[in-house]
1. For the range 9-59, state which trypsin sites (Lys or Arg not before Pro) are in a DSSP loop and have at most 11 other beta carbons lying within 10 Å of their beta carbon.
2. With the crude spin-label approximation of a point 7 Å out along Cα→Cβ, what separation in nm comes out for residue 218 versus residue 68?
3. Give the longest segment of the chain that steers clear of GluC sites (Glu not before Pro) in DSSP loops with at most 14 neighbouring Cβ atoms within 10 Å, not counting the sites themselves.
4. Stokes-Einstein diffusion coefficient for the range 240-366 at 4 °C in a medium of 1.567 mPa s, Rh from the Kirkwood formula over Cα pairs: what value in µm²/s?
5. Pick out which of 306, 47, 103 has the largest mean-square fluctuation in a Gaussian network model of the chain, springs linking Cα atoms closer than 10 Å.
6. Rounded to the nearest 500, what is the chain's calculated 222 nm mean residue ellipticity when only DSSP H runs of at least 4 contribute -39500 (n - 2.57) each, over all residues?
7. Please give the residues of the range 117-140, grouped as numeric ranges, whose backbone N is less than 19 Å from a label point set 7 Å along the Cα-to-Cβ vector of residue 53.
8. Compute the distance in nm between two label points, each set 7 Å from the Cα along the Cα-to-Cβ direction, one at residue 207 and one at residue 324.
Amino acid sequence: MAKIVCQKIPVNLANRSYTISIAPKSLDQLELIGDLLEKYSHAFIVTDANVGKLYLAKLKRRLKKHLEQIDSTVCPAGERAKVMEIAYSIWQKMVGAECDRKTLLIALGGGVVGDLAGFVAATFMRGVDLLQIPTTLLAQVDSSVGGKTGINLPQGKNLVGAFWQPKGVLIDPEVLATLPDREYRAGLAEVVKYGVILSAEFFEFLEQQTEAIQQRDSQVLSHIIAECCRLKASVVVEDEFETTGHRARLNFGHTYGHAFEFLLGYGELLHGEAVAIGMCCAALLAQHTSGFSNAETERIQLLLQTLGLPTKVPAGLPASEIIRAMQCDKKKVNKSVQLVLPSAIGNVTLVAWPGDEQVASALTNR
Ligand code: NAD
Ligand code: GLY
């Protein structure tokens, strides 16, 4: 078999450090993470119905070379799986499969499976080791890195969870070939986000590669995923538990975006679509409040539109309701909502709520 070119990105967090391994066809060659696997004899895989059909049998076959016992469970696909009842059923299945504190839990799937299995790993027998194998673009560039895990409550998303860093992340960009188009594009919103918040150079690269990105060119995608993981890792090592404001920059576009998702009902807009519109609003607000240039707002809008993402505030949502929903954001500090606004492409700052009127002034693009 041809030799795999693997990019290894370290996440340096003292005794919670780990490596992100990125390589096309890496699901076929688990030797890339052989050092990690050799520490275990038993693995328990959590996946969802869609991903399970495509990749579970293959993963089990490959794992057999490294481990004595492999068990698995398949959850329903989509956000509805990120709930207490499913976490409870996984805990029980793990007991049934005689998992113990030395079992390796493997999350094979998108951000839903990663967050859910991560939460189960953080809590089962007070914590077991976790390997993330993300299969959506969003999970490969964002949710599998950094250790945020959790489940939803009827009152809101991600309200229960834990920081639980994985022992490793294995990314095979080729699994993105089977990802539905809309899910792929939603992941691209988070990719664009990294350019706006952290790297003008990366933003320019995306502008130059829109065609290859739309064609899911494997080489370009591998580069993009690695760059996003490097950028995210650099933020996470500075502020692992989101206490200094550094990590909060990753929430660019999310305060507006969460309000749209909530008001339209979860599922109407995908998370990445809501974030794309939210980033355009935040850029416009920065233009109104701090002199961010119109030309840069237009560059952000154009890149998102070219990648097939929505940029206009959904019609029919009154500004007053959007403002109210934004003020319920769970990331309040001392009861006040902070916003992440760009100062230039490649740089953002955290600002105090600038007043309802100003925030509403960025909702005019409908
Ligand atoms: P998802 O996990 O629901 O996956 C989207 C859909 O794609 C699902 O239907 C899934 O079955 C399917 N799928 C996954 N991989 C596939 C593949 N390779 N081929 C075919 N189909 C595939 O959604 P998502 O967008 O990956 O994740 C969203 C979740 O991530 C949300 O719950 C969000 O809160 C969470 N999130 C977490 C973090 C974090 O830091 N922990 C960051 C961002 C988002
Ligand atoms: N996705 C935001 C974070 O990991 O902090």
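The values are calculated or read from the model by the stated rules, or taken from the named source; none is laboratory data. On a predicted model such as this, the values are computed, not experimentally measured, just so you know. Counting neighbours? That spans all protein chains shown, and the Cβs are built from the backbone with ideal geometry, glycine included. Surface areas here come from the heavy atoms of the whole protein model, side chains and all, with no ligands, DNA or RNA. Shrake-Rupley method; radii C 1.70, N 1.55, O 1.52, S 1.80 Å.
1. Counting only loop positions with at most 11 other Cβ atoms within 10 Å, the trypsin sites (Lys or Arg not before Pro) in the range 9-59 are 39.
2. 3.7
3. By the stated rule (loop sites, at most 14 other Cβ atoms within 10 Å), 99-267.
4. The Stokes-Einstein estimate is 89 µm²/s.
5. Highest fluctuation among the options: 306.
6. One gets -12500 deg cm²/dmol as the mean residue ellipticity at 222 nm.
7. Taking a point 7 Å out along Cα→Cβ of residue 53, the residues of the range 117-140 whose backbone N falls under 19 Å are 135-137.
8. According to this spin-label approximation, the distance is 4.0 nm.
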